[in-house]
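For reference, the structure discussed in these notes is given below.
The values are calculated or read from the model by the stated rules, or taken from the named source; none is laboratory data. Here the structure is a predicted model, which is why all the values come from computation and not from measurement. Glycine gets a Cβ as well: all are built from the backbone with ideal geometry, and neighbour counts include every protein chain shown.
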Amino acid sequence: MAAEIRPKRPFRWHIGIFLAPAVLVYTAIMILPLAGTLQLSLFRNVNESQVFVGLANFRTLFGDPNWSVGFWNALKNNTWFFMIHMLVQNPIGVLLAALLSSPRLRFAAFYRTAIFVPTILSFVIVGFAWKLILSPLWGVAPHLMDLVGLKSLFTPWLGKEQYALTALSLISVWQFVGIPMMLIYAALLSIPEEVIEAAECDGITGLSQFWKIKLPLILPSIGIISILTFVGNFNAFDLIYTAQGALAGPNYSTDILGTFLYRAFFGFQLQVGDPNMGAAIATMMFLIILGGVCVYLFLVQTRLRRYQF
Amino acid sequence: MSTATRSLPRTISAHAILLTYTAIALFPVILVIMNSFKSRAGIFSEPLTPPTPKTFDLIGYTTVIGQGDFIHYFQNSLVVTVASLFFVLLFGAMAAFALSEYRFRGNTLMGLYLALGIMIPIRLGTVAILQLMVASGLVNTLTSLILVYTAQGLPLAVFILSEFMKQVSDDLKNAGRIDGLSEYTILFRLVLPLVRPSMATVAVFTMIPIWNDLWFPLILAPSEETKTVTLGAQLFLGQFVTNWNAILAALSLAIMPVLVLYVIFSRQLIRGITSGAVK
């Protein structure tokens, strides 16, 4: 390095100038507001001024049934939302990627492009389009189910308390399956030919080759996808808001932390908005996401061996 | 080679699964676009067939273009997306260059600090961001959105770009230094053109969430003047719950620009995502 040869170097202003804009914007708009939100959750508005109240907002959130019922409901729904993504989206993503990466598959580029289309659409479009399709008024869904003789199974899923959340989770899976597919596809392509050939020489082919050779090698990618799904799901809002409104109906059955935060912060209909309670909920979401990221970094990632080729 | 593992039935079943899933992925999009060109009677009587001369009708589009101020919303979205993208790429490239090129005290720490934002969503700071914007009088301006999206895009941009900048040869940069180029010229004239493909990848990754975001436009800039297409479409769709022609036409208008851009750039996008493997 040139810098090490010179015994005394002048202060390198350009490093500061290169870093300054990014660090300033990032700190001012992202880090400080995050810290500010955490701080705000410890205050409460009394007579038009902010008073430090310690953990009182959290005591209200967990102790007052007006809040705690909603919070636990949102957390439970959010967990179910996440489980469906893990159990449906990621296996489908792996399956599609495995099929796409098989050598000499024709039209692979077409399939790849087409399956990724829903991912680029906005939640507004996705939410409304599915709302129309599942609507009993239009009758597309019952008509399609009639073709396979399952018409009797049709109900307006988005309007029934017991099905709405699952239906919305599956719509979200439909939208985002392209992301695990692409990341796994990239990981599968990076497995060197020699490893596969060595497996074939040992007579390991087809499905057992996938389970014994390829799957262990793509585990780090599956780990990354899981944590991305976790962060995305516990931060979700748009799809529920578009399809079911801020009240996350029917009867709060599709309420997740994002919509719960929105109602607490801004108020909705009879409820008055409360920035401090909103900040308390945002703090809980922060802790949940941070917890997930820590579990990933310290428990999952350190155990997954990365293979260097 | 792997031809031994390929058999005809397996190829056929692979195509069958992929085709089925492709159909599932595209069906809603095609259905919406197809029906947006039909009359109301056509939408309900034959939802699954393409528009015929009998059912063809542009009534939905005329309603939408007459009612909603979509052109204006579209401009807002474009301004916000392009400006944020510009700042993310410029600031991100500068910071990435500083982190990847120079050794200085606190380098690793600064890298970690900037990477924090990849995992922690900016949305959680909304309460304080709104207060900040109110205090600085930026509520209901496109500037507030541009600032937020710039901050949101920077962490990933710095992370990806510094990975790629590490691969640019030191000899080239040192040759530039011997020729008397300043550090700024080295970044903008030598290094940036070499990492252009990764800039494109970052651009695509930054652009899609910004264009599609509903949360920040709803909270920071909900006024008529500053509505983005996503927020405009959301409110518009809420108003016309019973006018199916208008809803389908509005949805199609919102889908088509993104779809056209995607078809043009999909090669770049997919190469970007799989670049780890290809490079």
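So which helices (runs of 4 or more DSSP H) stay within segment A:45-103 end to end and still have 1 or more residues that are closer than 22 Å to A:Ser253 by Cα, at pLDDT below 90 and within 14 Å of chain B (Cβ to nearest Cβ)? If you could, list the steps in order and put the result at the bottom.
Numbers: elements: A:56-63, A:65-84, A:90-100.
Qualifying helices (runs of 4 or more DSSP H): none found.
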In segment B:185-209, what residues are more than 20 Å from B:Ile270 (Cβ to Cβ) and of a type in the set (A, V, I, L, M)? B:Ile186, B:Leu187, B:Leu190, B:Val191, B:Leu192, B:Leu194
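Here is a yes/no grid of residues against (1) within 17 Å of A:Ala98 (Cβ to Cβ); (2) among the small types (Gly, Ala, Ser); (3) within 11 Å of chain B (Cβ to nearest Cβ):
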{"residue": "A:Ser221", "(1), (2), (3)": "yes, yes, yes"}
{"residue": "A:Ser226", "(1), (2), (3)": "no, yes, no"}
{"residue": "A:Thr242", "(1), (2), (3)": "no, no, yes"}
{"residue": "A:Thr254", "(1), (2), (3)": "no, no, no"}
Which of (1) in a helix (DSSP H, G or I); (2) free of Cβ contacts under 8 Å to residues at least 12 places away in the same chain; (3) exposed (fewer than 14 other Cβ atoms within 10 Å of the Cβ) does A:Gln162 not meet, given it meets every other one? (2)
Which one of A:Ser253, A:Ser226 is surrounded by fewer than 22 Cβ atoms within 10 Å (Cβ to Cβ), over 19 Å from the mean Cα position of the chain (by Cα) and among the polar types (S, T, N, Q)? A:Ser253
Residue in segment B:175-191 that is touching a Leu at 6+ places or on another chain (Cβ under 8 Å), surrounded by fewer than 19 Cβ atoms within 10 Å (Cβ to Cβ), without any contact (Cβ under 8 Å) to a residue 12 or more places away in the chain and not in a helix (DSSP H, G or I) present: yes
Counting just the residues of segment B:76-109 that are facing chain A (nearest Cβ under 7 Å) and in a helix (DSSP H, G or I), which one comes out nearest to A:Ile224 (Cα to Cα)? B:Gly92
Would segment B:217-226 turn up any residue that is modelled with pLDDT of 85 or more and over 21 Å from B:Leu138 (Cβ atoms)? no
When restricted to A:Ile133, A:Ile213, the only residue without any contact (Cβ under 8 Å) to a residue 40 or more places away in the chain and at the interface with another protein chain (Cβ under 8 Å from one of its Cβ atoms) is A:Ile133
Under 7 Å between Cβ atoms, which residue pairs at least 6 apart in sequence (or on different chains) link something in segment B:136-156 that is more than 12 Å from chain A (Cβ to nearest Cβ) with a partner that is polar (S, T, N, Q)? B:Asn140/B:Ser223; B:Asn140/B:Thr226; B:Thr141/B:Thr226; B:Leu142/B:Asn76; B:Leu142/B:Thr226
Which members of segment B:111-125 meet the condition of being in a helix (DSSP H, G or I) and either within 7 Å of another protein chain (Cβ to nearest Cβ) or among the aromatic types (Phe, Trp, Tyr) (or both)? B:Tyr113, B:Leu114, B:Gly117, B:Met119, B:Ile122, B:Arg123, B:Leu124, B:Gly125
Residue, modelled with the lowest pLDDT, within segment B:155-174, restricted to residues that are among the β-branched types (Val, Ile, Thr) and either in a helix (DSSP H, G or I) or in contact with a Lys or Arg (Cβ under 8 Å, 6 or more places away or on another chain) (or both): B:Ile160
Could you give every pair whose Cβ atoms fall below 8 Å, whose first residue belongs to segment A:19-41 and is more than 7 Å from chain B (Cβ to nearest Cβ), and whose second residue is β-branched (Val, Ile, Thr), counting only separations of at least 6 or pairs across chains? A:Leu38/A:Thr283; A:Ser41/A:Thr283
